[in-house]
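Structure first, then comments.
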Amino acid sequence: MAAAFATILLKAGAWLVTGSVGLLADAAESLVNLVAAAVALIVLKVAARPADANHNFGHTKAEYFSAAVEGVMIFVAAISIVVFALQRLVFPQPIESLGIGLMISMIASVLNGAVALVLLRAGKRHHSITLTADSKHLMTDVWTSVGVLVGIVLVWMSGWSWLDPVIAIAVGINILFTGYGLVKESTEGLMDASLPERDNERLRMILTRRAGAGIAFHQMRTRVSGARQFMDFHLLVPDDWSVKQGHDFLEDLSDEIVAEFPRMNVTGHIEPINDPRSYAHEGM
């Protein structure tokens with residue numbers, strides 16, 4: 001949040017010095033970063049709460065609300081940028097003091113890049129969609145700033161003032177795509193999207209290694225909830241197995257799965273392999 005506030009001041013200063021609508025667009029995206037950081041702080045505190053009587057599976061899905069809010073904020077910022085840029089395209093204005101403005105904007109971009117790398121490492125370490133989304137957004141902001149700076153230099157060299165609002169419009173469109181990606185990711189999480197196919201395939205391989213000799217599996221399902229992963233399946237065992245035999249087998253299998261997927265919550269349903277009712281819901 002401190003970094004976002006600092007970059008807002010720097011980029012807004014660069015805009016005031018130069019009058020460049022491209023730099024104004026860059027500053028507007030930094031304002032989104034500040035709001036997103038505040039929302040992320042609140043959401044992460046909620047997501048870290050343990051399970052309780054009303055939320056038996058924990059609060060990890062709260063993280064998806066952060067990505068959704070950030071996505072909506074990005075849409076608002078992008079539309080505002082495009083509208084302002086179109087006005088400037090109709091009524092162009094000269095850009096002034098470019099050297100100072102470019103230097104200020106470069107400092108802000110370096111600061112954003114450093115924070116993005118810190119968030120990316122933290123997101124991977126804690127398996128947090130919120131931190132990872134923020135890092136990706138900040139890195140997009142960095143590349144946006146680079147594009148704006150290159151464009152302004154071209155304006156400076158060519159004298160074509162119309163390039164400045166055109167660059168701002170391009171920035172706004174790029175931000176729209178970023179917002180769409182964040183909203184899509186949060187929606188998939190709230191809709192209990194499955195694990196990536198490569199992870200599902202690894203899980204199937206574990207089950208396949210355990211199958212045979214009257215043991216089989218079906219109806220494997222997975223889902224992701226923030227930093228947590230969930231898997232359930234039906235375990236088909238010989239009809240004459242005792243409850244203890246089935247339970248011991250399932251516990252050993254669960255330990256093997258968790259050893260490879262430490263964030264996984266495993267649920268298995270034991271069924272007799274020759275009972276027709278074991279297959280009544282197959283394929284659902």
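Worth pointing out:
- Beta bridges per DSSP with both ends in the chain, % antiparallel, nearest 5: 50 percent
- Remark: the residue 194-residue 9 segment gains 62.5 nm on full extension, using 0.36 nm per residue and subtracting the alpha carbon distance.
- Taking every C-alpha pair closer than 8 Å and separated by at least 6 residues, the mean separation divided by the residue count of region 178-247 gives a relative contact order of 28 percent.
- Remark: region 146-152, residue by residue, has Karplus-estimated 3J(HN,Hα) of 4, x, 4, 4, 4, x, 5 Hz, where x stands for each Gly or Pro and the curve is 6.51 cos²θ - 1.76 cosθ + 1.60 at θ = phi - 60°.
- Distance (nanometres) between label positions extended 7 Å along Cα→Cβ at residue 211 and residue 110: 5.8 nm
- The simple Förster model, with R0 at 22 Å and r as the Cβ-Cβ distance, assigns residue 221 and residue 55 a FRET efficiency of 0.60.
- In loop segments of region 97-183 as defined by DSSP, the chymotrypsin sites (Phe, Trp or Tyr not before Pro) with at most 16 further C-beta atoms inside 10 Å of their C-beta are 160, 162.
- Estimated distance in nm for a label pair at residue 160 and residue 146, the labels positioned 7 Å out from Cα along Cα-to-Cβ: 2.2 nm
- Taking every C-alpha pair closer than 8 Å and separated by at least 6 residues, the mean separation divided by the residue count of region 109-173 gives a relative contact order of 28 percent.
- Antiparallel %, DSSP beta bridges [both residues in region 137-284], to 5: 50 percent
- All aspartates and glutamates inside 16 Å of residue 45 as judged from Cα atoms, apart from same-chain residues fewer than 8 positions distant: 63, 134
- Using a Förster distance of 22 Å, the FRET efficiency for residue 270-residue 201 (Cβ separation, nearest 0.05): 0.40
- Computed E for residue 16/residue 48 - FRET, C-beta separation, R0 45 angstrom, nearest 0.05: 0.70
- For Rg and Dmax of the Cα atoms in Å, computed directly from the structure shown, the correct entry in (i) 23.4, 96; (ii) 25.8, 86; (iii) 19.0, 61 is (ii).
- Charge tally around residue 121: other residues with Cβ under 14 Å, Lys/Arg +1 each, Asp/Glu -1 each, net +2.
- Separation of alpha-carbon centers, region 230-284 and region 182-228, rounded to whole Å: 14 Å
- For a straight C-alpha distance cut-off of 21 angstrom, the lysines reachable from residue 184 (same-chain residues fewer than eight places away being disregarded) are 61, 124, 136.
- Phi-based couplings in Hz for region 202-207 (Karplus 6.51, -1.76, 1.60; Gly and Pro marked x): 4, 5, 4, 5, 4, 5
Bear in mind that the values in this text are calculations on the coordinates, not laboratory data. Here the structure is a predicted model, which is why all the values come from computation and not from measurement. Counting neighbours? That spans all protein chains shown, and the Cβs are built from the backbone with ideal geometry, glycine included.
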